Structures are given as structure tokens and as C-alpha cells.
Amino acid sequence: LKQRLQKLISQAGIASRRKAEELIVRGHVRVNGKVVQELGAQADAHRDRVEVDGRRLVTQAPVYFLFHKPREVVSTLSDPEGRESLRSFTREIPERVYPVGRLDYHTSGVLLLTNDGELTAKLLHPRAHVAKVYVAKVKGMVTDEQIEILEAGVRLQGESRPTAKCSIQKLRFEPPNTWLQVTLYEGRNRQVHRMFESIGLRVQRLARTSFAGLAADGVLPGELRPLSVKEVAALQKLVASVPTSRSAGR
Ligand code: URA
């Protein structure tokens, strides 16, 4: 079966499809020993020898896990500063999996891990509007008016486009802090922290309770579990209409 090179590379978990296209165009990819730089080129994962920077592609079956990231863990596979990384928790997974997006070092909660680069790219695509639910502990008493301002969208420092509409429920006021549930449909860097900061409030603790409809229920911090076939199918369905890199915006 011949498939486009970028698809083979993303399926092998090496890079998203978009990154794979860059690798091809920049001459990092060889098929049977010859550098191939055209994006339309195809190869057969089993019959052809496909290499990225001299390393042969191993086409792995796609695997999917829900991980409950503890606080004080970086959401990358290694950390130049030597802090604890995802690697400590993924050693038992034989496939090379990557996180679907990021969670801050101090933030705990649901983080999907997979070697399916294509699904990852779609889930993270701005047009996917994937729901992310957080529970935030905010210093002080947060008013209904402040909640309305945040829900409508605010300007984050250093960015011109305001945040998308989101939904916020006050869970409880436990002096001197307010606990809130925040549902976002986009994912900018440190978004929850920065949204509250933009109106002078401080998030003291943050946890993600659900990502793309998948909740941490029953999975303790530091634990992971494979997604069921049904859950994977639901994710695929959720992003079915999201454009892949080549068709995006064209
Ligand atoms: N918003 C944040 O501020 N931090 C995260 O880790 C995720 C969303």
C-alpha cells in the first residue's frame, strides 16, 4: 500500500503532518536511499525503506492513553533543567508516545499521550475548538461581573486577538479563595492564568479535569490508562471535519 510520505512520517509518531512536510521539503527524508523533496511523493511503509535524518521509520500501530499529569512535572519527554518529565511515566509504553499539547509545570490533570501525529495535529488545530475543562482556585472573591468579562473574551498581555468565548461556573467561595470551573475551546500558552491576570486576579492552583470529553475519573495523578476503542472513535469523530495541514486555509 502506497501512502503519502508525510502521512507515513506522522503515523510513525515522528512529527505532525505539517512538520513532516517541512522535513520532506527541507531534504531530511530519503526513500530507498534517495532524498525525496516533493510533497506528493508516496511510499510503501513495508516495502520501501523510508528514513528521516538517516533513521528508518518504524510504522507503529497507533496507541492512545489518558494520563493524569501530577503537579511539578514538565509535559515534555525530557527537561533541559532536569525536572521530572513525562518520561518517568511512559517507560512501560513500548511505542514512542507524545503529549497532545501541554500543561504547565504546576498544573495537574488530563493529558492525552499518543503516537498518532495526525490525530494530535487535528485536536490541537485552532478550528477544532476542543473543550478543555479546568478547575481553578483564584485568590479573593470573584464577582459575577468579572466572570462575565472573562466569558466574553479578554485581551491577554502581548496579544492582540481577544480570547474566544468560554464558560465559567463559580463552584464555591471558600474565604479567601474562589473555586471556579473554566471551559475553554482554545489553548494558548498559560491561558487560564493569563485570563485571570488580565483582570487583576491570581490563579493559585489549576487542574484540568477533562480534555476533548475525556475526564480523569478514576485515574490518579501519575497514572495512565489506554483509551477504549469507543473513546478513540469519539475523538476521531470530534475532529473529522478539521482540515489537515495541506488543505488548511486553501
Ligand atoms: N491554562 C494555564 O494557565 N495553564 C495550563 O497548563 C493550561 C491552561
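Miscellaneous remarks
- Straightening the chain between Leu39 and Ile199 buys 53.0 nm, computed as 0.36 nm per residue apart minus the Cα-Cα spacing.
- Separation between Cα centres of segment 106-123 and segment 177-250, rounded to whole Å: 9 Å
- Compared with the alpha-carbon gap, the fully stretched path from Ser167 to Glu186 is longer by 5.6 nm at 0.36 nm per residue.
- Å³ per residue enclosed by the Cα convex hull of segment 56-109: 98 Å³
- Sequence-distant contacts, meaning Cα pairs under 8 Å at least 6 residues apart, place the relative contact order of segment 1-146 at 23 percent.
- Measuring nothing but how far apart in sequence close Cα pairs (under 8 Å, 6+ apart) lie, relative to its length, segment 107-250 scores a relative contact order of 35 percent.
- When the C-alpha to C-alpha distance is required to be over 26 Å, the pairs from Lys2/Lys34; Lys69/Lys137; Lys7/Lys69 that qualify are Lys7/Lys69.
- At the residue level, His68 shows approximately 30 square angstrom of accessible surface with a 1.4 angstrom probe and all protein chains present.
- Stretch gain in nm, segment Asp217-Glu72, where the contour uses 0.36 nm per residue and the Cα spacing is subtracted: 50.2 nm
- Packing rank of 166-176, 12-22, 183-193, where each peptide gets the mean count of other beta carbons within 10 Å, highest leading: 12-22, 183-193, 166-176
- Across segment 133-173, the fraction of Cα-Cα pairs farther apart than 11 Å, rounded to a whole number, is 68%.
- In whole angstrom, the chain maps to an equivalent ellipsoid with semi-axes of 37, 20, 16, each derived as √(5λ) from the alpha carbon gyration tensor and ordered largest first.
- GNM result for the chain, Cα springs below 10 Å: residue of Lys132, Lys34, Lys69 fluctuating most strongly: Lys34
- In this label model, Arg155 and Ser85 are separated by 3.8 nm, measuring between points 7 Å along each Cα→Cβ vector.
- If only the Cβ of Lys and Arg carry +1 and only the Cβ of Asp and Glu carry -1, the dipole of segment 1-72 around its Cα centre is close to 60 debye.
- Compactness of segment 108-250 is given as radius of gyration and Dmax, 16.4, 52 Å, from Cα positions.
- Taken about its Cα centre, the chain carries a charge dipole of about 560 debye when Lys and Arg each add +1 at the Cβ and Asp and Glu each add -1 at the Cβ.
- Tensor-based shape of segment 165-218 (alpha-carbon gyration tensor, a/c under 1.5 rounded, otherwise prolate or oblate): oblate
- Evaluating 6.51 cos²θ - 1.76 cosθ + 1.60 at θ = phi - 60° for every residue in segment 126-134, the Karplus couplings come out as x, 7, 6, 6, 5, 7, 10, 10, 10 Hz, glycine and proline recorded as x.
- Candidate residues Lys7, Lys2: accessible-area rank, largest first, probe 1.4 Å: Lys2, Lys7
- On the beta carbon distance between Arg26 and Val58, with R0 = 25 Å, the FRET formula returns roughly 0.70.
- Accessible area of segment 90-233 belonging to carbon and sulfur atoms, whole % at 1.4 Å probe: 52 percent
The values are calculated or read from the model by the stated rules, or taken from the named source; none is laboratory data. Worth saying up front: this structure is predicted, and the values here are computed from it rather than measured. A quick note on method: Cβ atoms are made from the backbone with ideal geometry, for glycine too, and the neighbour counts reach across all protein chains shown. Ligands, DNA and RNA are excluded from the accessible area calculation, which covers all protein heavy atoms including side chains. Shrake-Rupley method; radii C 1.70, N 1.55, O 1.52, S 1.80 Å.
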